[in-house]
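Student: Take this structure, written in structure tokens, and hold onto it; I'll ask about it next.
The values are calculated or read from the model by the stated rules, or taken from the named source; none is laboratory data. What you are looking at is a predicted structure, and each value in this text was computed from that prediction instead of being measured. Backbone-built Cβ (ideal geometry, glycine too); neighbour counts: all protein chains shown.
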Amino acid sequence: MIIIPARIASSRFPNKILADINGLPMVIATARRVETLDNVVIATDSGEVIKLAQEYGFKAVMTGSHHQSGTDRINEAASKLDINNDEIIVNVQADEPFIEPLVVKSVIDRMKNARENNEDIMITSCYKLIDKLAANDPNHVKVITDINENAIYFSRSKIPYDREECLEYFGHLGIYGFTKKSLQEFCNLSPAPLEHSEKLEQLRAIYHARKIAMVRVSSESFGIDTQEDLERALKYFKPSHS
């Protein structure tokens, strides 16, 4: 199951999930990008988004307006849905209307493999090779992994430090996979000090010695945080490319 957290408020870009993406509201454009992969549910705090979802044929769940993160929002939605504890749940952000379905499928496939092999993994996510310009951008989260492709650390700083010339930097894509059980477990963990410092909630799992499995992917998509991001995305991802 894919759950899209759709908070209507946004300090940098008010109502951005309703912004027009080639004739569709952004949240609907995102849902349509991934609808062939699994059932899609939109988790929101907005009656307007509930109506939009119904209009376009997507299931939606009303959640509270108090949530601090999309993960907390999808956890509430999952608790209201009639699904088993081992059900795979993928969090796809509503501001990813150009995400490649293959990227999300890669996360789903890795989770299925972990479930079949009884791996003790709390979260599954993905990353891609980035250039030095992106590595220096604090809005572009970086990740380093171990030999088993489990995350060691995420940071807004450039990691690793290039005391000698570093040949590769890897950017984290904000696609998160859980089981219903591991999602509940994550949301019940106490916040980590580094989580507050970096403003990266996934550091909570690492702080509590839980594994985050990472999948390397190729992707040109990016999240839309500002009006400028939207204009850049619409220019780059013309309908013939989407």
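Student: Give me the residue from the stretch 160-179 that is within 30 Å of I3 (Cα to Cα) and out of contact with any helix residue (DSSP H, G or I) (no Cβ under 8 Å at 6 or more places or on another chain) and, out of that set, modelled with the lowest pLDDT.
Tutor: Pass one, the stretch 160-179, residues within 30 Å of I3 (Cα to Cα): 169-179.
Cutting the leftovers down to out of contact with any helix residue (DSSP H, G or I) (no Cβ under 8 Å at 6 or more places or on another chain) gives us 170, 172, 174.
Values: F170: 96, H172: 96, G174: 91.
Restricting to residues being within 30 Å of I3 (Cα to Cα) and out of contact with any helix residue (DSSP H, G or I) (no Cβ under 8 Å at 6 or more places or on another chain), the top hit is G174.
Student: Something else now. What do you reckon, is Q227 touching a residue at least 12 places away in the same chain (Cβ under 8 Å) and surrounded by fewer than 16 Cβ atoms within 10 Å (Cβ to Cβ)?
Tutor: Working: touching a residue at least 12 places away in the same chain (Cβ under 8 Å): yes; surrounded by fewer than 16 Cβ atoms within 10 Å (Cβ to Cβ): yes.
Answer is yes for this residue.
Student: Of all residues in the stretch 172-204, which are in contact with a strand residue (DSSP E or B) (Cβ under 7 Å, 6 or more places away or on another chain), under 19 Å from I159 (Cα atoms) and outside any loop (DSSP other than H, G, I, E, B)?
Tutor: Listed by number, the residues that qualify are H172, L173, E198, L203.
Student: Of everything in the stretch 38-48, what is within 19 Å of the chain's Cα centre (by Cα), crowded, with 17+ Cβ neighbours inside 10 Å and of a type outside the set (D, E)? Give them in sequence order.
Tutor: Within the stretch 38-48, V40, V41, I42, A43, T44 meet the criteria.
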